[in-house]
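> Below is a structure I'd like to ask you about.
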Ligand code: NDP
């Protein structure tokens, strides 16, 4: 793979010099990233998302704030003429300077930690991979270096949060919940500012011009991004920063703030709130523990940085991935012991499958098959692929362990975990189930997108692999 990508990069570099931004037919065969051309269907989807996504987020948060988390009630009232969009809008808390100060302090603090605090955790935890790490090879043949310090930033941030809640009392632990809608304005401002900056930067001063992709359609370029790895200076990497912090570091803090609010309102914390905090906390910690591995996932290896990642990480992720905790502030569901135990088991088994599957592929690829999976030498399918310069290269597709059960069993584990967070909220409302619906669409789409790419990359070898492991997510079903 490495030599193939290097050759592809060399070819690409030459062609960019000759042809300018990629529009020639040979370039379309490249295996990286988003599309080179946009069909009408995609374009309509892109424009709709750009116009409506902020209102979708607003709708969910507003539904909790004004309608006790009922997603249908506002629609019913609108339909029956009992309320109007303007009334709903007027009732919602608006932008406030105090929220802006909180958010500015938060983002600045995360930038400071990301840029200025070198990782020391890896010196104390030998199994943890941190410090300076190389990413995957880019289409232009670069391997970017990253300072992997997410775990440390997460630990520092949470240590300060607990120190404040317990001893310092500089601010209330409910601060996030109390400013949730005013903060939505601030996150949107940052999300759009970052995406617009990244868009203009790609034209004016791209970090690496040879890794830029232009489709000729301004909306698609804005949404899906032009630059592959935009950076400021040597270390400030937009993709790693915005995806991990402020979004994912904030995830667990947001949940803690909901928990504090529940206690303030009802005098106790429900077992469902504890479950959501624990299960999502494990998922977030796993992300930071494996941040170096994350450099090799589709987000970093294939996606360009545009509104999809910039706005998505600033707004969509912190607001919609945390809906369960928000719901539980309004509905402090107390689960029976059996129900709680069933959810805990579902969440932990899902997490185990998610992590083990990802680990098996990582281990297999790192050791080039010289490893043991489920106590045996792994079985695999030898495959070959041709890079655009005509060179033939070899690769291996694992068929042992979870990769022999289904072709994307890591997604299945992720979905089981997602379902557990939602089911912790009981069955009173649909709102907390948005996450599992969204994740199912996201991962099924991702699965199809990835398989399309793999099929064009490996051809008949992929077919052999698909015959050996016939199901994508659920054996016997899909
Ligand atoms: P994967 O880690 O599954 O990577 C897919 C790639 O792995 C393929 O393109 C192919 O690349 C290679 N591959 C496929 N089959 C095999 C095989 N049998 N043996 C060896 N290599 C194989 O995909 P993602 O990066 O999408 O996902 C990583 C994790 O992140 C998942 O667990 C997912 O659930 C999670 N995720 C979570 C999200 C969230 O919002 N919570 C969003 C997205 C992902 P190659 O060209 O190298 O052969």
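> Return the distance in nm (one decimal) between the two label points of a simple spin-label model at residue 104 and residue 440, each offset 7 Å from Cα along Cα→Cβ.
4.4 nm
> Multiplying the sequence separation of residue 47 and residue 156 by 0.36 nm and subtracting their Cα-Cα distance, what value in nm do you get?
Gain on stretching residue 47 to residue 156: 35.3 nm.
> Let me ask something else. What is the packing order of peptides 98-110, 120-132, taking the mean over residues of other C-beta atoms within 10 Å and listing the highest first?
98-110, 120-132
> What Kirkwood hydrodynamic radius do you get for segment 108-160 when you take the inverse of the mean 1/r over all pairs of distinct Cα atoms, in Å?
Hydrodynamic radius (Kirkwood, Cα only) of segment 108-160 equals 12.2 Å.
> Is it possible to state the helix-based mean residue ellipticity at 222 nm for the chain, with each DSSP H run of 4+ residues giving -39500 (n - 2.57), the sum divided by total residues, to the nearest 500 deg cm²/dmol? What is it?
One gets -18500 deg cm²/dmol as the mean residue ellipticity at 222 nm.
> Could you tell me the calculated FRET efficiency between residue 172 and residue 367, based on Cβ-Cβ distance and R0 = 41 angstrom, to the nearest 0.05?
Computed FRET efficiency for residue 172 and residue 367 comes out at 0.25.
> For segment 142-229, just list the percent of Cα-Cα distances falling in each 5 Å bin from zero outward, please.
For segment 142-229, the pair-distance distribution reads 3, 11, 13, 12, 14, 14, 12, 10, 7, 3, 1, 0.
> Could you pull out which residues in segment 148-179 have an amide N less than 19 Å from a spot 7 Å beyond the Cα of residue 120, following the Cα-Cβ vector?
Residues 148-161, 163 qualify, since their backbone N sits under 19 Å from the label point.
> Same structure, new question: Between 0 and 90 degrees, rounded to the nearest ten: what's the tilt of helix 249-266 against the longest Cα principal axis of the chain?
Result, in degrees: 20.
> Now for a separate question. Compute the normalised compactness of the chain: alpha-carbon radius of gyration over 2.2 N^0.38 Å, N being the residue count.
Expressed relative to 2.2 N^0.38 Å, the Cα Rg reads 1.01.
> Sticking with this one: Taking neighbour Cβ counts within 10 Å as the exposure measure, how do 169, 339 sort from fewest upward?
Least crowded to most crowded, the residues run 169, 339.
> Next question, about the same structure. Roughly what angle does helix 97-116 make with the longest principal axis of the chain, taking Cα atoms, 0 to 90 degrees, to the nearest 10?
Between helix and principal axis, roughly 40 degrees.
> Where does each of 454, 314, 371, 186 land when they are ranked from fewest to most other beta-carbon atoms within 10 angstrom?
Listing 454, 314, 371, 186 from fewest to most nearby Cβ atoms yields 371, 454, 186, 314.
> Related question: Show me 249-260, 442-453 ranked by packing, highest mean number of other Cβ atoms within 10 Å first.
249-260, 442-453
> Could you give the radius of gyration (one decimal) and Dmax (whole number) of the Cα atoms in segment 182-234, in Å?
12.2, 40
> Let me ask something additional. Regarding segment 172-324, what's the average projected area of the Cα-atom convex hull, expressed in nm²?
The Cα convex hull of segment 172-324, projected and averaged over all directions, gives 10.0 nm².
> If you fit an axis through the alpha-carbon atoms of helix 337-366 and take the longest principal axis of the Cα set of the chain, what angle between them do you get, 0 to 90°, nearest 10?
Tilt relative to the chain: about 20 degrees.
> Evaluate E = 1/(1 + (r/R0)^6) for residue 359 and residue 265, where r is the Cβ-Cβ distance and R0 equals 30 Å; express this FRET efficiency to the nearest 0.05.
0.15
> Given axes a ≥ b ≥ c from the Cα gyration tensor, I'd like to know whether segment 292-335 is rounded (a/c under 1.5), prolate (a/b larger than b/c) or oblate.
Since a/c reaches 1.5 but b/c is at least a/b, the shape of segment 292-335 is classed as oblate.
> For the residues 79, 471, what sequence is obtained by ranking on other C-beta atoms within 10 Å, fewest first?
Ordered from fewest to most neighbouring Cβ atoms within 10 Å, 79, 471 come out as 79, 471.
> Distance in nm between label sites at residue 193 and residue 374, each 7 Å beyond Cα in the beta-carbon direction?
According to this spin-label approximation, the distance is 5.1 nm.
Coordinate-derived values only; no laboratory data. Keep in mind it's a predicted model, so treat the numbers as computed, not measured. Quick reminder, even Gly has a Cβ in these numbers, built from the backbone with ideal geometry, and neighbours come from all protein chains shown.
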